[in-house]
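K.L.:
Okay, here's the structure, questions in a sec.
The values are calculated or read from the model by the stated rules, or taken from the named source; none is laboratory data. Treat the numbers as computed from the prediction; the structure is a model and nothing was measured. Quick reminder, even Gly has a Cβ in these numbers, built from the backbone with ideal geometry, and neighbours come from all protein chains shown.
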Ligand SMILES: Nc1ncnc2c1ncn2[C@@H]1O[C@H](COP(=O)(O)OP(=O)(O)OP(=O)(O)O)[C@@H](O)[C@H]1O
Ligand SMILES: [Mg+2]
């Protein structure tokens, strides 16, 4: 469903992403592992449309999405979390999650006047869905608090709720466990994985720091890493 083909991103003379090829299918969780500066976030930025690739291609469900804008990639069903989450600090935790779903009717100015009942019904449904994902990540008790009260780890969990509420086809999580207490992160990530598998739908790609030095590695679904200096995606079913 997501295919990366010889993807390159150069910043001046420095190739932060250097010829990454791999594919990810439904129901799979892929780990992208590498030390600081290895190119994990840059690869996510390319996939999510925040950066344009220098060369290579990205296809999602058979459509070439290389070089599309971030909002277009999001509308195509790809949701990503940020390594450093920046929720709206004065908006409640619940409202931060409610802002995320795609294609809300109330976003269209005239619809608010022409179909207020539809907008209200949709908002109720979005609220329920947002509460469901806040419960899932363990933040339901803080739903009415402004997001500024959240710790770094709780902001990471809010990111997961924000990503999942948009019902994406593909999820990119940039270091979702960073700053979250290890047992808690393990438990929640395990639950996300089994939920993802149960739905047999949402592929998840998550980055993580490797303790070794060097460039990132991707162990592609096809097997071994292609080169020592390239990201390694490890798949789990
Ligand atoms: N916009 C940019 N302009 C120039 N260089 C950049 C830019 N973004 C990233 N880089 C460089 O590209 C390399 C890869 O950075 P990236 O942030 O993708 O690494 P990372 O694997 O996510 O690291 P970390 O584990 O610290 O999050 C680094 O050398 C970084 O300095
Ligand atoms: Mg990073």
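K.L.:
Does residue 50 satisfy being within 16 Å of ligand 2 (Cβ to nearest atom), under 25 Å from residue 99 (Cβ atoms) and free of Cβ contacts under 8 Å to residues at least 60 places away in the same chain?
P.N.:
On the way: within 16 Å of ligand 2 (Cβ to nearest atom): yes; under 25 Å from residue 99 (Cβ atoms): yes; free of Cβ contacts under 8 Å to residues at least 60 places away in the same chain: yes.
Spelling it out, residue 50 is indeed within 16 Å of ligand 2 (Cβ to nearest atom), under 25 Å from residue 99 (Cβ atoms) and free of Cβ contacts under 8 Å to residues at least 60 places away in the same chain.
K.L.:
Looking at (1) touching a residue at least 40 places away in the same chain (Cβ under 8 Å); (2) touching a strand residue (DSSP E or B) at 6+ places or on another chain (Cβ under 9 Å); (3) surrounded by fewer than 15 Cβ atoms within 10 Å (Cβ to Cβ), which is the only condition residue 64 fails?
P.N.:
Result: residue 64 fails condition (1) only.
K.L.:
Taking residue 31 and the conditions (1) in contact with a helix residue (DSSP H, G or I) (Cβ under 6 Å, 6 or more places away or on another chain); (2) at pLDDT below 90, which numbered condition does it fall short on, given that it satisfies the others?
P.N.:
(1)
So that you can scan it fast, the table gives a plain yes or no per residue for (1) loosely packed, with under 15 Cβ neighbours inside 10 Å; (2) within 17 Å of residue 175 (Cα to Cα); (3) over 15 Å from the mean Cα position of the chain (by Cα); (4) within 13 Å of ligand 1 (Cβ to nearest atom):
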residue	(1), (2), (3), (4)
8	no, no, yes, yes
18	no, no, yes, yes
37	yes, yes, yes, yes
40	no, yes, no, yes
48	no, yes, no, yes
73	no, no, no, no
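K.L.:
List the residue pairs whose Cβ atoms are under 7 Å apart, where the first residue sits in region 81-98 and is more than 20 Å from residue 174 (Cα to Cα), the second is part of a strand (DSSP E or B), and the two are 6 or more positions apart or on different chains.
P.N.:
89/146; 90/146; 91/146; 92/146
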